[in-house]
Amino acid sequence: MITQQTFAPVVLFVYARADHTQCTLDALAANPEAKETDLFIYADAARHNKDAAAVQAVHDVISNVGGFKSVTLYLREHNVGLAQNIIEGVTYVCHQYGRVIVLEDDIVTSPAFLGFMNAALDKYQTEPNVWHISGWNYPIASQQALPETFFWRTMNCWGWATWDDRWQHFKKEPAKLVDNWSTTEIERFNLDSAYDFWSQVTANHQGNLNTWAIFWYATIFAQQGLCLNPTRSFVANIGNDGSGENCGTEDVYRIDLAPRFNQGWPLELNEHDFAVSLIKDFYQSLKPSLLRRILGKIKRVFI
């Protein structure tokens, strides 16, 4: 007897970017698995009156979505913000289905995205050390020297997936992290000081930031979990144009999408040292030189 494969649901979070949302939906619908995939769309309400027209334009886009097994809309009556919208939406859908694939309204996918994410969710469902599936990777050098996928400690949130028995451990408790994590833990959390992820925790603790993703990473890190990453990305972020809530305007993350997935799984269930070293090199390349930092400070002083 042949049983039909069940595909994980996709939950998409949108707000006030109609053009981005349409691009995201069009790309996702081009995945062969889309027609067998349940899509849940969480649309936040306008934060300010000036956003009302843009929010309504998004509602117009999502009210006419086709190409999926089903489409369920959750239209917020009051603005809850991106972090709460994602936490609540992922929690609900993940609990209902046991697994979830997550996108935001500025993530354009390869036609191979859903195939990769579902294959990974199936393969590692019973492997408790694997907590997170990423669809995106950094534009690192020497990709040809890496396997098709690899494990590492850090979570990427531009197109991702997980299971309910992992997500149920999610906690957003910045005060507890600040009070209890050691300097050694923070250094390792910061990818051995390659990038200051910890500053997002402290900014949330101080009330200067309200985000969710850094706490999912912290949850995985505290459990010594692994994240599966593709070497070539199955998603691209089109929101680095100043339109997003937490995105800049300089797109240093531009990549070409992988057109297919060839079932190249990691051979060992541990962090891939060489892949991590390449990502560290990428982060180092983003840091301004000492001379540029000095000149920048001088410029700020005398302007």
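The values are calculated or read from the model by the stated rules, or taken from the named source; none is laboratory data. Because the structure is a prediction, the values reported are computed rather than measured. We place every Cβ from the backbone using ideal geometry, glycine too, and count neighbours over all the protein chains shown. Each accessible area value is taken on the protein alone, full model and side chains, heavy atoms only, with ligands, DNA and RNA left out. Shrake-Rupley method; radii C 1.70, N 1.55, O 1.52, S 1.80 Å.
Quick one: check the C-alpha center-to-center distance for the stretch 33-104 versus the stretch 187-243, whole angstrom. Taking the Cα centre of each part, the stretch 33-104 and the stretch 187-243 sit 22 Å apart.
For the stretch 65-201, just say rounded, prolate or oblate: build the C-alpha gyration tensor, square-root its eigenvalues into a ≥ b ≥ c, call rounded for a/c under 1.5, and beyond that prolate if a/b exceeds b/c, oblate if not. It comes out oblate by the Cα gyration axes.
Taking 30 Å as the cut-off for C-alpha to C-alpha distance, list the pairs among LYS50/LYS171; LYS123/LYS280; LYS50/LYS287 that go past it. Distance filter (> 30 Å) returns LYS50/LYS171; LYS50/LYS287. Taking every protein chain into account, the accessible area of the chain amounts to 49 square angstrom per residue (probe 1.4 Å). Build a GNM of the chain with springs between Cα atoms under 10 Å apart, and of ASN237, ASN229, ASN210 the one that fluctuates most is ASN210. With every protein chain in place and a 1.4 angstrom probe, the accessible-area ranking of CYS157, CYS94, largest first, reads CYS157, CYS94.
Each of PHE116, PHE261 has its accessible area taken with a 1.4 Å probe; listed largest first, they run PHE261, PHE116. Straight-line reach from LYS35: taking Cα to Cα under 12 Å and skipping same-chain neighbours fewer than 8 places apart, no aspartates and glutamates fall in range.
By accessible area, using a 1.4 Å probe on protein heavy atoms only, the chain has 50% of its surface on carbon and sulfur.
Put a dot 7 Å past the Cα of GLN263, heading toward its Cβ, do the same for GLU127, and the two dots end up 1.5 nm apart.
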